[in-house]
Amino acid sequence: MFFSGGIIPEYILVRSLHLLDSIWALVLPGLINPFYLIILVSFFNNIPESLEESAEIDGSSHFRTLLGIMLPLSLPVITTLSLFYAVGRWNGFTDTLMYINSPELYPLQLKLYQLIQNNMISDLLQMEGSQMATVVPESLKAASVIFAT
């Protein structure tokens with residue numbers, strides 16, 4: 001639960017689920033993080049049972065108790081875990097390198113990666129003396145990174 005199986009089993013799983021070259025290949029494998037799940041479960045275990053009991057005495061159903069009491073109490077932890085997840089996935093362009101082949105499905109991080117890599121290759125070729133028709137200037141590269149941030 002704490003350690004992943006690695007890149008190869010994850011790729012085999014995504015391929016066997018026929019998720020290659022779809023946006024779901026980027027979303028589903030990292031959907032549930034066990035560490036975040038443990039944090040969420042421990043938060044719900046620390047909510048006093050008296051809140052649920054008092055709602056039950058007032059005639060609230062389980063669904064109404066969830067929506068009216070538990071969900072508003074858990075908004076801070078859900079927001080924090082969503083932020084952790086978003087920050088963790090922000091620079092995750094390696095999944096796209098493995099699972100996505102269509103350029104129209106590339107996320108912003110992979111586009112930035114390609115921009116920087118193309119610039120590095122053109123710099124190396126210029127050092128060797130060959131002429132490149134399109135060279136990405138440093139200012140365009142920096143502006144792209146700032147825009148993406």
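The values are calculated or read from the model by the stated rules, or taken from the named source; none is laboratory data. Source: prediction; values computed, not measured. Here Cβ is always computed from backbone atoms with ideal geometry, including for glycine, and neighbour counts include all displayed protein chains. What goes into the accessible areas is simple: the full protein's heavy atoms, side chains included, and nothing from ligands, DNA or RNA. Shrake-Rupley method; radii C 1.70, N 1.55, O 1.52, S 1.80 Å.
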Original post:
Along the charge dipole of the chain, which of Leu51, Ser61, Gln117 sits closest to the positive end, that is, farthest toward it, with unit charges on the beta carbon of Lys, Arg, Asp and Glu (+1, +1, -1, -1)?
Top reply: Gln117
Subject >> Rounded percent of accessible protein surface that carbon and sulfur make up, the range 15-120, 1.4 Å probe >> reply: 65
**OP:** Give the accessible surface of the chain per residue, rounded to a whole number of Å², with probe radius 1.4 Å and ligands, DNA and RNA excluded.
**Re:** 74
**OP:** Compare Leu83, Leu110, Leu71 in a GNM of the chain, Cα atoms joined below 10 Å, and give the one with the largest fluctuation.
**Re:** Leu71
Original post:
On full extension of the chain, what length is gained from Ser60 through Thr79, given 0.36 nm per residue of separation minus the C-alpha to C-alpha distance?
Top reply: 4.3 nm
Original post:
Given springs between every Cα pair under 10 Å in a Gaussian network model of the chain, which of Gly68, Gly92, Gly30 has the largest fluctuation?
Top reply: Gly68
Original post:
In the chain, if every C-alpha pair distance is counted and binned at 5 Å from zero, what percent goes to each bin?
Top reply: 1, 7, 12, 12, 12, 11, 11, 10, 8, 5, 4, 2, 2, 1, 1, 0, 0
Subject >> Sites excluded, chymotrypsin sites (Phe, Trp or Tyr not before Pro) in DSSP loops with at most 11 other C-beta within 10 Å, longest stretch of the chain >> reply: 4-149
Original post:
Roughly how many debye, to the nearest 20, is the charge dipole of the chain about its Cα centre, given +1 on each Lys and Arg Cβ, -1 on each Asp and Glu Cβ, and no other charges?
Top reply: 340
Original post:
Between Ala143 and Leu31, what is the spin-label point distance in nm, taking each point 7 Å from the Cα along the Cα→C-beta axis?
Top reply: 4.0
Original post:
Which residue fluctuates the most in the chain, going by a Gaussian network model with Cα springs under 10 Å, if the choices are Val77, Val41, Val14?
Top reply: Val41
